[in-house]
Structures are given as structure tokens and as C-alpha cells.
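These notes concern the structure reproduced below.
The values are calculated or read from the model by the stated rules, or taken from the named source; none is laboratory data. Because the structure is a prediction, the values reported are computed rather than measured. Here Cβ is always computed from backbone atoms with ideal geometry, including for glycine, and neighbour counts include all displayed protein chains.
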Amino acid sequence: MNLTSPTLTRERVRHEFAVRPMTVTGWRDITPRMRRVTLAGPMEGFVSTGPGDHVKVFFPHPVTGELHAPRVAPDGGIERPQGVELISRDYTPLVNDRGELELDFFLHGDGGPAGDWAARVSEGDQIDVAGPRGSKLAPTGADWFVLGGDESALPALSRWLRILPETADVTVLAEVHDADDEAYLAHLAGQNRRITWLHRGDALPGTTALLEDAARAVARPGGVGFFWFGGEAGTLKPVRRYLRRELELDASTVECSGYWKRGEANHDHHAPVDPEDPEA
Ligand SMILES: Cc1cc2nc3c(=O)[nH]c(=O)nc-3n(C[C@H](O)[C@H](O)[C@H](O)COP(=O)(O)OP(=O)(O)OC[C@H]3O[C@@H](n4cnc5c(N)ncnc54)[C@H](O)[C@@H]3O)c2cc1C
């Protein structure tokens with residue numbers, strides 16, 4: 001173990017639990033595979049200050065159309081309805097200039113209530129949005145950042161690029177299908193914000209070593225670096241192993257979050273990316 005590996009601190013902020021009934025007011029395709037859904041609803045008290053924040057989105061049952069979600073109990077806790085099926089998935093909240101909540105859905109086409117809902121969305125559709133329950137802020141004191149992920153993490157990557165100071169030295173490694181997907185982040189690139197696009201082509205999402213190869217190839221200047229990756233859990237395992245085991249970087253400077261898992265519905269992102277090394 002490299003005991004001299006630098007460390008970083010990240011502040012955590014808790015938010016009051018809230019479940020917001022939201023109505024679709026519009027949608028548009030940012031790229032051929034990323035659909036932005038704009039929502040209206042009670043946004044008072046909505047706070048989201050961490051780049052990797054998520055909300056839990058509750059969807060209507062695909063057959064019955066019934067929508068069920070937890071409620072805030074009188075004591076402020078969570079009250080879950082009994083005897084009904086709750087259908088939820090995690091998404092990255094975006095708030096537009098008008099203060100409206102927007103969610104960007106990757107139209108992955110592999111079934112699933114969230115992807116299917118987004119593919120058929122229309123004005124007036126309703127969902128419930130819980131959270132974010134807390135925010136993990138960007139680290140302070142890092143000299144440079146390497147941020148990476150696949151389409152599921154593009155919204156989070158856009159948040160990182162907006163939240164980090166203009167002067168921050170950032171390299172983004174983004175795995176996508178092809179050049180048509182680049183418009184999603186391209187406008188956030190800059191002199192000290194380099195975006196490396198990794199085209200998967202006809203390979204299925206979650207099956208390539210593109211992110212690992214790019215992480216291995218990325219320049220690591222002096223000073224303290226911070227690495228954040230979000231995406232398919234299996235593809236992030238070797239990324240994390242490289243950073244934590246081979247480079248012996250401190251856990252506080254590396255975050256790899258399994259946003260989904262190939263062949264698994266509703267993957268729990270709290271599950272360790274590397275079950276043999278579950279510390280982070
Ligand atoms: C913190 C966090 C934030 C997230 N933010 C976003 C976001 O802003 N936008 C976004 O699009 N996703 C985001 N995701 C990922 C999203 O929650 C998952 O992709 C989710 O599984 C989609 O649900 P589903 O109902 O469409 O598919 P599921 O029912 O979960 O899965 C059905 C099938 O689809 C496959 N699948 C699921 N997701 C993908 C994918 N991304 N690519 C290819 N195949 C897939 C599964 O492996 C499974 O075989 C986030 C996840 C986390 C943990």
C-alpha cells in the first residue's frame with residue numbers, strides 16, 4: 001500500500017426528504033439516443049448541489065398505468081404504500097434556466113420501465129420524483145480531474161462540468177455509440193476541459209474495455225488528481241482496479257459508481273463495483 005498517496009475531502013449535505021408529483025410539459029431529443037424530458041411540479045425546497053446527485057423516479061405500471069410512490073410521513077420519515085408494486089429507477093436531476101426539473105434518458109432499447117416510458121413519453125404524463133436525499137459535493141483541493149462514463153452518466157458528467165470552477169483542469173472520457181452522441185457534452189468542452197470520445201460502434205453497451213483503456217492512457221500531471229466514473233458496473237471494475245490497486249490511489253480520490261449492470265434490471269448502485277474489494 002502506498003501510504004503517501006494523497007487524500008481529498010468531500011463534504012456531504014443531507015436534504016429534507018420530499019416526493020414530488022411531476023407532469024411532463026415537453027420533451028426533445030438532445031442526440032439520437034438521449035431524450036430530455038421537462039417536468040412541472042412543486043420545486044420549492046429542491047436542492048441538488050452534488051455533481052453525482054440522483055433522484056428516484058417512480059413510473060406508472062406499464063400494464064395498469066397505476067403510479068405508486070412513497071410519501072413523507074408526518075414525522076418526516078418515509079411511508080411506503082403497502083400491497084402495491086413500486087417501480088423506480090435512479091436518474092440525474094437537471095434544473096433548467098426556468099427552474100424546471102429535467103431528466104435525460106438514454107434510450108437504451110433493452111426494455112425496462114424507465115427506458116420504455118421515456119421512449120413513449122408524451123405531454124401530460126405523470127411520474128413521482130423522490131429526492132435527492134443528499135449531495136456529495138465535488139472535492140476541494142484537487143489539482144486535476146478525470147471524469148468518465150457511458151451514456152447513463154452523461155447527465156452527471158454535464159453536472160460535473162458545470163459545477164467545477166471554470167479554471168479546473170478536467171479530462172472527460174465518454175463512451176458512446178458514435179459521433180452523433182457527442183453533441184450532448186461538446187458545448188461544455190474548453191481549453192482546460194478536454195473531452196475524449198470513445199466510440200463503441202456496433203458493440204453492445206457495457207461490453208467494451210474502452211473506458212479502462214482510456215483511463216490507463218490518460219495523462220496524470222503532478223499534484224492531486226481526482227477520478228470519477230459512472231456507467232456499467234462490469235466495465236468499471238477494471239477501471240477501479242487499475243486506479244486503486246495498480247496506481248494505489250487513495251479511496252478518497254477515486255469514485256466508480258455502477259449506474260447499471262448488463263443483463264440486470266434495476267441494478268443497485270450501492271452494490272460494490274468490485275465485490276472482491278467492496279471498501280468503496
Ligand atoms: C446515481 C444514478 C444516476 C443515473 N442517472 C441516469 C441518467 O441521468 N440518465 C440515464 O439514462 N440513466 C441514468 N442512470 C442509469 C439508469 O438508472 C439505469 O440505466 C436503469 O437501469 C434504467 O432503467 P430501465 O427501466 O430503463 O432498465 P432496467 O429495467 O433497469 O433494465 C432492463 C434491461 O436494460 C439494460 N439497461 C439498463 N440500463 C441500461 C443502459 N444505460 N444501457 C444499456 N442497457 C441498459 C439492463 O441491463 C437490463 O438488461 C443512473 C443510475 C444511477 C445509479
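Key figures for this structure:
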| read-out | value |
| --- | --- |
| Single residue of D169, D143, D150, D125 found to be in contact with a helix residue (DSSP H, G or I) (Cβ under 8 Å, 6 or more places away or on another chain) and assigned by TED's automatic domain parsing to the domain that holds L198 | D150 |
| Any pair with Cβ under 6 angstrom, 6 or more apart, that starts in the stretch 32-55 at a residue that is farther than 20 Å from E11 by Cβ and touching a residue at least 60 places away in the same chain (Cβ under 8 Å) and ends at one that is of a type in the set (K, R) and in a strand (DSSP E or B) | R36/R28; G41/R20 |
| Residue within the stretch 13-32 that is within 30 Å of D250 (Cβ to Cβ), at pLDDT 95 or above and in contact with a Pro (Cβ under 8 Å, 6 or more places away or on another chain) present | yes |
| Single residue of the stretch 233-270 satisfying the filter (over 18 Å from the mean Cα position of the chain (by Cα) and part of a loop (DSSP other than H, G, I, E, B)) that is farthest from the ligand (Cβ to nearest atom) | E248 |
| Positions within the stretch 44-87 being part of a loop (DSSP other than H, G, I, E, B), of a type in the set (D, E, K, R) and out of contact with any Leu (no Cβ under 9 Å at 6 or more places or on another chain), in sequence order | E44, D53, E66, D75, E85 |
| Matching strands (runs of 3 or more DSSP E) fully within the stretch 88-194 where at least 2 residues are within 30 Å of G76 (Cα to Cα) | 88-91, 101-106, 126-130, 134-136 |
| The lone exception for R89 - which of (1) touching a Lys or Arg at 6+ places or on another chain (Cβ under 7 Å); (2) closer than 27 Å to W228 by Cβ; (3) surrounded by fewer than 22 Cβ atoms within 10 Å (Cβ to Cβ) it fails | (1) |
| Leading residue by the ranking (farthest from the chain's Cα centre (by Cα)) among those in the stretch 73-110 that are without any contact (Cβ under 8 Å) to a residue 24 or more places away in the chain and within 24 Å of D29 (Cβ to Cβ) | R98 |
| Residues that are among the hydrophobic types (A, V, I, L, M, F, W, C), out of contact with any Gly (no Cβ under 7 Å at 6 or more places or on another chain) and surrounded by 20 or more Cβ atoms within 10 Å (Cβ to Cβ), drawn from the stretch 146-163 | L147, L154, W160, L161 |
| The stretch 37-73, residues that are charged (D, E, K, R) and within 26 Å of C256 (Cβ to Cβ) | D53, K56 |
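Listed here are the residues, each with its yes/no results for (1) crowded, with 17+ Cβ neighbours inside 10 Å; (2) within 8 Å of the ligand (Cβ to nearest atom); (3) under 25 Å from Y184 (Cα atoms).
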position: P62; (1), (2), (3): no, no, no
position: P70; (1), (2), (3): yes, no, no
position: R98; (1), (2), (3): no, no, yes
position: A114; (1), (2), (3): yes, yes, yes
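Residue-by-condition table, conditions (1) among the aromatic types (F, W, Y); (2) in contact with a His (Cβ under 9 Å, 6 or more places away or on another chain); (3) buried (at least 16 other Cβ atoms within 10 Å of the Cβ); (4) more than 19 Å from R36 (Cα to Cα):
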| residue | (1), (2), (3), (4) |
| --- | --- |
| T167 | no, no, no, yes |
| V170 | no, no, yes, yes |
| A179 | no, yes, no, no |
| L204 | no, no, no, yes |
| R216 | no, no, no, yes |
| V224 | no, no, yes, yes |
| W228 | yes, no, yes, yes |
